[in-house]
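Shown next, in structure tokens, is the structure this report addresses.
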Amino acid sequence: MNYWQNPLLIMSLVPLVGTLIILCVPAERKNFIRMVAMITSLAVFGVAIWMLTLFQPELPGMQFSLDIPWFRISNFTIHFILGVDGISILLVLLTTFLTPLAILSTWKAIQEKVKGFMAFFLLLETGMLGVFLAQDLILFYIFWELTLIPMYFLIGLWGAERRIYAAVKFFLFTMAGSVLMLAGIIYVGLQAGRFTMADILAQRSSFAGAQIWLFLAFGIAFAIKVPLFPFHTWLPDAHVEAPTAGSVILAAVLLKMGTYGFLRFNLPLFPDAALTMAPWMAVLAIIGIIFGAMTAYRQKDMKKLVAYSSISHLGFVVLGIFALNLQGVSGAIIQMVNHGLSTGALFLIVGMLYERRHTRLLSAFGGLWKGVPALATLTLIVTLSSAGLPGLNGFVGEFTILQGAFMASTYHSYFFAVFATLGIILAAVYLLWMFEKVFLGPVTYEENKTLKEINWRELAVLIPILVVIFWIGLYPKPFFELINPTIQTLLDTVLPVY
């Protein structure tokens, strides 16, 4: 396949082209800038759908591989290598699906410095896609760090009152983990003599004696990004202060870079360490599940409640990954997508309510169902999706993860699955409590009687997400078929004990 016919290369370059076009447009042409950003993001999604139609799930290796020698450092050649397989394809689709919806949600919300906002947003999409496609460790690190810059400015320039504090905290936490990962990357590359994933896997024995330390160097960076307890403290501030679209992408995609990193690097590169650390990772996952759920219930701010729910839900993903069996890992990947859809939609709804009431305090709402029944109905569906109601997407992922956790020999105990089940119960408690506070009961304030019903633009943002929520909940088979062959190969070849 010619370079310029490769969907992965086109997908990576189109957001950059859109960014350059926006930079050339006068700042006062706000609507034109918005249209350029929307058309660019839709074009990227179209390329992703084209890639999906060509993808062959029965082939577990990398597909649409692109390998261009990029530059040399001493005796090492850094390659621009892209590829997609069953581990990354759903995350690529999730990224390209949600980006245009997030941009559409900003149409009225972002009125100042629109040019900068849209340029940073498309640059962020470039970085996120690069993380999921890169097959050279240096290239992966470049894309990993690239996502940090636009997200820092999206929070710091368009965020709420404490935006500078939140942006700096986000930057420092992520950078601290990135430094450790860079040290690990350099060590692995020097020992293996290459930085490309395929070559490093072939030379895995060259750094076998340092697996635990390398697992920790990579793992801490990924744990901060998830965020896994106790590295979670940056997340609530970043979510609360970020603009709505920023919160959506942060929850739906950026957090998944951490869980993806565990799957893509920690498991295949350091399998012995993964087996050793699996019970400890499960302990941290369970703590995160319970802590995130209990802390969410204590929140008075809707956005902060949804932020803490992410800590709980991502704990399930980590639990599934380190079950190290087909059910657990496939459930973890499906749950990454589910969390992106459900929590992304919740942040969008919180943003819609904030535009109407200019507050996120639960105490300021009540009885909204009478005035905005359509918005209330859509919110109920998303809430039940996040709570894991059968028939909706959340149930599929959580059930499969729990199945894997019960069967996992890595934990040496099925009690991990029992405690995780408690997290599902707590999720229903805080999510339904939030819904009751906002939409049910008496109308407590006069302002709540005159709120505007959901409009066409907001429907256009939420309905596509709801379609996928029902699709995964009612017919998840195509999604599992996309990922299972790759996962089984990972477990058979990298962790042959399974």
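The values are calculated or read from the model by the stated rules, or taken from the named source; none is laboratory data. In this text, all values refer to a predicted model and were calculated from it rather than measured experimentally. Note: ideal-geometry Cβ built from the backbone for every residue, glycine included; neighbour counts use all protein chains shown.
Taking every residue in the stretch 359-384 that is more than 16 Å from Lys452 (Cα to Cα) and pairing it with any residue that is outside any loop (DSSP other than H, G, I, E, B) and among the aromatic types (Phe, Trp, Tyr), at least 6 positions away or on another chain, the pairs with Cβ-Cβ distances below 7 Å are Arg360/Tyr354; Leu380/Phe435; Thr383/Phe435. Annotation: Asp199 fulfils all but one of (1) assigned to a helix (DSSP H, G or I); (2) in contact with a helix residue (DSSP H, G or I) (Cβ under 9 Å, 6 or more places away or on another chain); (3) in contact (Cβ under 8 Å) with a residue 12 or more places away in the chain; the unmet one is (3).
Looking at the stretch 337-365 only, could you name the residues that are part of a helix (DSSP H, G or I), β-branched (Val, Ile, Thr) and within 27 Å of Pro442 (Cβ to Cβ)?
Ile349, Val350
Can we say Pro268 is part of a helix (DSSP H, G or I), over 30 Å from Ala109 (Cα atoms) and not hydrophobic (A, V, I, L, M, F, W, C)? Criteria met by Pro268.
Has the stretch 79-90 got any residue that is among the small types (Gly, Ala, Ser), farther than 23 Å from Leu263 by Cβ and crowded, with 18+ Cβ neighbours inside 10 Å?
First pass over the stretch 79-90, keeping only residues among the small types (Gly, Ala, Ser): 83, 86, 88.
Retained after the next criterion (residues that are farther than 23 Å from Leu263 by Cβ): none.
Looking through the stretch 79-90, none of the residues is among the small types (Gly, Ala, Ser), farther than 23 Å from Leu263 by Cβ and crowded, with 18+ Cβ neighbours inside 10 Å.
Can you tell me which residue is modelled with the lowest pLDDT among those in the stretch 255-279 that are under 20 Å from Gln335 (Cβ atoms) and out of contact with any helix residue (DSSP H, G or I) (no Cβ under 7 Å at 6 or more places or on another chain)?
Within the stretch 255-279, the first condition is being under 20 Å from Gln335 (Cβ atoms), and the residues that meet it are 255-267, 274, 278.
So of that shortlist, the ones also out of contact with any helix residue (DSSP H, G or I) (no Cβ under 7 Å at 6 or more places or on another chain) come out as 264, 278.
On the way: Arg264: 93, Ala278: 90.
Looking at the filtered set, the residue picked out is Ala278.
Here Ile401 meets each of (1) among the β-branched types (Val, Ile, Thr); (2) buried (at least 18 other Cβ atoms within 10 Å of the Cβ); (3) outside any helix (DSSP H, G or I) with one exception, condition (3). Got at least one residue in the stretch 137-148 being surrounded by fewer than 21 Cβ atoms within 10 Å (Cβ to Cβ), within 17 Å of the chain's Cα centre (by Cα), among the aliphatic types (A, V, I, L, M) and more than 15 Å from Val44 (Cβ to Cβ)? Yes, the conditions are met somewhere in the stretch 137-148. Total residues in the stretch 424-445 satisfying the condition of being closer than 20 Å to Met302 by Cβ and part of a helix (DSSP H, G or I): the figure is 14. Residues that are modelled with pLDDT under 95, over 17 Å from Pro7 (Cα atoms), of a type in the set (D, E, K, R) and more than 23 Å from the chain's Cα centre (by Cα): does the stretch 72-84 have at least one? Looking for residues that are modelled with pLDDT under 95, over 17 Å from Pro7 (Cα atoms), of a type in the set (D, E, K, R) and more than 23 Å from the chain's Cα centre (by Cα), one finds at least one in the stretch 72-84, hence yes.
How many residues, within the stretch 446-473, are in contact (Cβ under 8 Å) with a residue 12 or more places away in the chain, surrounded by fewer than 14 Cβ atoms within 10 Å (Cβ to Cβ) and closer than 17 Å to Gly371 by Cβ? Qualifying residue count for the region: 4.
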